[in-house]
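Taken together, the values in this text are just the output of simple stated rules run on the coordinates, not laboratory data. This one's a predicted model, so the numbers in the text were calculated from it and none came from an experiment. Cβ coordinates were reconstructed from backbone atoms using ideal geometry, including for glycine residues, and neighbour counts include every protein chain displayed.
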Amino acid sequence: MDISDECKRYFRERQYWQQIIVVDGVTVIPEYTFCGCKNIKRVIFANTVIRIKSWAFSLCTSLVFIKWSIRLEYIGKDAFQYCNLSSIFMPPTCREICQGAFQCNRNLSVFHVPQETDVGRDIILGTAIAGAIVEASPMERNNQLNVIDFLQGRHDANDNMNQLLKNINNGEQYALHRACAGFWPLKEVIHAIIL
């Protein structure tokens, strides 16, 4: 396949991008759109974005911040694998996160998913959260055996993994973070938590 000089220039240029701002009117981020753009640090989605397809931001190893669309419904397979995210708060509209979507984000330690979201396999494999589960005390581990089975690729553990992911960061220590990162944070809620 012959690639034009213009395409080659575009591909080289995109390697230097540090911020992506998706403008109003865009509803879908296609497969592989920003895959391998190693210098992207921030992504800001317009509220019109509904779907992020497979591998769209895969291998964006500098990506540390995402402002999600409040209408986001779907994240495809491996869409954000091998990024550098440390916390993720999915919008309440998110209905499906596919296999491996956030795997290998080594620093990922806060992950908040709406209770209604369908969660695919291995979405947090290779993250700080997955490591904490595997290193849990024996008593906690007994309660989470199906979760460990899930992390090791056993398909029958999917329901328990979904439950863990949906509740893993619901503890009191994350209350302020959830309130501030919420999509409609109420000052009364934030004030009550601080008090």
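Holding the Cα-Cα limit at 19 Å, pick out from Lys41/Lys77; Lys8/Lys77; Lys8/Lys38 the pairs that are longer than that.
Beyond 19 Å: Lys41/Lys77; Lys8/Lys77.
Run the quick spin-label model on Thr48 and Asp5: label points 7 Å from Cα toward the beta carbon, then report their separation in nm to one decimal.
3.4 nm
What distance in nm separates the two pseudo spin-label positions at Val23 and Arg95, each 7 Å out from Cα along the beta-carbon direction?
Each label point lies 7 Å from its Cα, and together they span 2.9 nm.
May I ask for the net charge around Phe65, where only other residues with Cβ less than 10 Å from the Cβ of Phe65 are counted and Lys, Arg are +1 while Asp, Glu are -1?
Residues close to Phe65 contribute a combined charge of +3.
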